Amino acid sequence: MEQLLKDAERIRSLEIQGASNVAISAIDFLSRYAKRIDCIDLDNCISKLQDAKKLLEETRVTEPAMRNGLNYIMNKIKNSKTELDVKEIPAIIEVLKNEYKTMFQASKRKIAEIGARRIPDMESDDDFIVMTHCHSSAVSAILLEAKKQGKDNFKVINTETQPRLQGRKTAKKLLSAGIEVMYVVDSAMRWAVNHFEVDMIIVGADSITSEGTVLNKIGTRLLALVAHEEHVPFYVASQLLKYNPDTTLGILEKIEMREPKEIWDYEHKNLTILNPAFETVSRRYIDGLITEAGIFASSHVPNYFAKLYPDLIS
């Protein structure tokens, strides 16, 4: 358990960032833990794994992709309980971990393929301007795929994304592929959309609810409102594995509040520093959700999720 606590702290402390990285890391940590524990019997083993799962889930409150990965493994184990030997558990979890990884990676490749079609292959001298916020591996995959297809007449505007500057990760990734990037401070969102006549905005998601509400990095709703005001198409690129099925039962997705010191290492009795990591974007501002199942209204997520991932429905 000591090693698992250290692993969990890597997620909690934000050493491991990004919904995809967090999800893959969490199932890796559970798999490693399964290889270390001694179990009296099958029930004892499952109980220990459930405790480990809970510990990992509590590291970050707004990470359904991680919870879905852990649920995928534990649901499969519990549903096959009568057929299992306790000695087989570590090997089975390793297989299930790799299955989830494969699903996650395959879904991202499909999103890249589908999303890249939204970027036109322009023959004119005009540039197609795409804007994004924070760092989304799904959004980056779309833009890199478009470049790979030979679509050279597009530029990307991306925000620095305070306070941890994840936008720099996006910029470096795109620049390394030869994509031209314009990098702006978060407060210049509206100015950039208006000044450069942005053609399309694509952002990622950390969570999607049953009502089609998307949770993403703070600042995303501001960008969605700017898109609405300026009549710019606003898309969200996300694996369906970031859907939170618990929201169908009325459970609200939580907004993670992070350390005030990320913003300002200053203390005063009359000073309160607030650092919300995410915010919600209503489905009314989302023109389409780009997923591995296609592009559709975000309110249709529960149906597509159940169809593609029945093992994740309790």
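Key figures
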read-out	value
Residue that is surrounded by the most Cβ atoms within 10 Å (Cβ to Cβ) [pool: residues in segment 187-202 that are without any contact (Cβ under 8 Å) to a residue 40 or more places away in the chain and within 15 Å of Thr161 (Cβ to Cβ)]	Ala188
Identity of the residue in segment 2-50, free of Cβ contacts under 8 Å to residues at least 40 places away in the same chain and part of a loop (DSSP other than H, G, I, E, B), that ends up farthest from the chain's Cα centre (by Cα)	Ile40
Per-region count, segment 24-61, residues under 30 Å from Lys261 (Cα atoms) and touching an Asp or Glu at 6+ places or on another chain (Cβ under 7 Å)	3
Members of segment 101-152 found to be under 16 Å from Gly288 (Cβ atoms) and part of a strand (DSSP E or B), listed by number	Val130, Met131, Thr132
Single unsatisfied condition, Asp246 versus (1) at pLDDT below 95; (2) part of a helix (DSSP H, G or I); (3) touching a strand residue (DSSP E or B) at 6+ places or on another chain (Cβ under 6 Å)	(3)
Val156, sole failed condition from (1) in a helix (DSSP H, G or I); (2) assigned by TED's automatic domain parsing to the domain that holds Leu225	(1)
Residue count for segment 52-81, restricted to those that are in a helix (DSSP H, G or I), under 24 Å from the mean Cα position of the chain (by Cα) and not hydrophobic (A, V, I, L, M, F, W, C)	11
Residue that is farthest from Val214 (Cα to Cα) [pool: residues in segment 82-136 that are within 18 Å of the chain's Cα centre (by Cα) and among the β-branched types (Val, Ile, Thr)]	Thr102
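The values are calculated or read from the model by the stated rules, or taken from the named source; none is laboratory data. As the structure is a prediction and not an experimental result, all values here were calculated from the model. Please note: Cβ atoms are built from the backbone with ideal geometry, for glycine as well, and neighbour counts cover all protein chains shown.
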